[in-house]
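The values are calculated or read from the model by the stated rules, or taken from the named source; none is laboratory data. All of these numbers come straight from a predicted model, not from anything done at the bench. Here the Cβ positions follow ideal geometry from the backbone for every residue, glycine too, while neighbour counts run over all protein chains shown.
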Amino acid sequence: MPRWRTERGVGLPDAQVNEHHLLASGLPEDGRLRLLSFNIQVGNSTERFRHYLTRSWQHVLPHVGRANNLQKIGALLGDFDLVALQEVDGGSLRSGYVNQVEYLAQLGAFPYWYQQLNRNLGKLAQHSNGVLSRLRPASLEDHPLPGPAGRGAILARFGEGPDALVVVMMHLALGAKVRTRQLAYIRELIGGYRHQVLMGDMNTHANDLLLSSPLRDLGLLAPQIEATFPSWRPKRCLDHILLSPTLTLERVQVLAQPISDHLPVAVEIRLPDSLRADAFPVLSPPPRRPLA
């Protein structure tokens with residue numbers, strides 16, 4: 001089973017980390033959880049469809065604009081507890097050998113981070129998903145998804161047993177048939193849990209996910225209806241944070257931050273009492289600004 005990484009390397013930190021009142025499950029004592037999902041396109045900016053061609057070299061070689069974009073992304077992260085990143089580079093030529101998951105964890109002051117390497121092209125590219133967290137889960141699982149190599153999901157569990165909260169962060173395939181296989185796999189992963197969050201770039205619309213995919217029997221909610229792609233003129237809603245009906249939605253927002261070719265999605269949820277019954281205060285929570 002994968003372990004969280006910190007600035008100290010593989011494993012959990014010895015020192016105290018960001019201040020929180022946590023439950024024994026690792027969840028916030030106030031019962032509110034703030035989530036963000038963002039496909040960052042390895043720090044590349046795209047402002048027109050033609051840029052996929054004219055800026056294609058940026059997917060292979062380093063450039064100054066990437067560092068500026070990562071700084072902008074890092075500035076978005078401070079108010080969130082758990083962040084799912086897609087299309088992140090794990091440290092190769094194009095990123096200047098910077099592990100972008102670790103770097104964004106440092107910018108956002110996240111004590112825990114994990115990089116899932118899905119497509120290893122050696123020095124040319126380390127195509128990855130990433131998780132940044134202020135909360136320590138009971139377990140973390142790395143799952144390559146069915147279909148052609150290169151797609152993956154990360155499962156974080158908070159608490160124990162069927163009443164635990166399970167959060168799956170993913171980047172799904174473009175093709176409908178492969179995507180259905182991937183969703184069937186994820187459905188098997190989460191079927192034994194009452195409280196579920198699915199987040200990431202799912203490359204399809206909410207109606208497909210909720211009504212005609214292997215997830216259709218779960219009763220999931222898709223609170224975000226604004227388009228996320230392309231970021232400069234959004235027309236398609238491809239990025240989602242799906243919630244089980246046991247979780248209460250407080251706020252949802254598509255952030256108007258056209259840094260990548262996708263826009264980031266943010267939600268704040270309130271956890272059910274069953275997830276807040278094991279109070280175990282550790283430290284005091286950091287101040288957080290409300291979502292607009």
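Inspect all residues belonging to the range 236-243 and state whether any of them is modelled with pLDDT under 95, crowded, with 19+ Cβ neighbours inside 10 Å and closer than 22 Å to LEU132 by Cβ. Looking through the range 236-243, none of the residues is modelled with pLDDT under 95, crowded, with 19+ Cβ neighbours inside 10 Å and closer than 22 Å to LEU132 by Cβ.
To keep it simple, each residue is scored yes or no on (1) surrounded by fewer than 21 Cβ atoms within 10 Å (Cβ to Cβ); (2) more than 20 Å from HIS240 (Cα to Cα); (3) in contact with an Asp or Glu (Cβ under 8 Å, 6 or more places away or on another chain).
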position: VAL98; (1), (2), (3): yes, yes, yes
position: GLY122; (1), (2), (3): yes, yes, no
position: VAL131; (1), (2), (3): no, no, no
position: ALA138; (1), (2), (3): yes, yes, yes
position: ALA149; (1), (2), (3): yes, yes, no
position: ALA153; (1), (2), (3): no, no, no
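You will find that of THR228, THR248, the residue that is within 18 Å of ASP30 (Cα to Cα), β-branched (Val, Ile, Thr) and at pLDDT 95 or above is THR248 and no other.
In this structure, LEU198 does not qualify as under 22 Å from GLN115 (Cα atoms), surrounded by fewer than 19 Cβ atoms within 10 Å (Cβ to Cβ) and modelled with pLDDT of 95 or more.
For the range 170-213, the set of residues classified as assigned to a helix (DSSP H, G or I) and closer than 25 Å to SER274 by Cα consists of ILE186, ARG187, GLU188, LEU189, ILE190, listed by residue number. Cβ-Cβ contacts under 6 Å between residues 6 or more apart (or on different chains), taken from a first residue in the range 55-76 that is polar (S, T, N, Q) to a second residue that is assigned to a loop (DSSP other than H, G, I, E, B) and at pLDDT below 95, are listed as GLN58/ASN44; ASN69/SER45; ASN69/ILE259. Just so you know, in the range 201-219 the residues that are under 25 Å from VAL88 (Cβ atoms) and of a type in the set (A, V, I, L, M, F, W, C) include one that is surrounded by the most Cβ atoms within 10 Å (Cβ to Cβ), and it is MET202. When we screen ALA125, ALA184, ALA105 for residues that are in contact with a strand residue (DSSP E or B) (Cβ under 8 Å, 6 or more places away or on another chain) and at pLDDT 95 or above, the only hit is ALA105. The numbered conditions (1) under 28 Å from PRO146 (Cβ atoms); (2) of a type in the set (D, E, K, R); (3) surrounded by fewer than 19 Cβ atoms within 10 Å (Cβ to Cβ) are all true for LYS72 except (1). Right, PRO258: surrounded by fewer than 22 Cβ atoms within 10 Å (Cβ to Cβ), in contact with a Phe, Trp or Tyr (Cβ under 6 Å, 6 or more places away or on another chain) and touching a residue at least 40 places away in the same chain (Cβ under 8 Å) or not? Yes: the conditions hold for PRO258. Note on the range 128-144: residues that are of a type in the set (D, E, K, R) and over 22 Å from GLU188 (Cα atoms) amount to 2. Take the range 177-198 and flag every residue that is β-branched (Val, Ile, Thr) and under 13 Å from LEU215 (Cβ atoms). Once the filter is applied, which keeps residues that are β-branched (Val, Ile, Thr) and under 13 Å from LEU215 (Cβ atoms), the range 177-198 yields THR180, ILE186, ILE190, VAL197.
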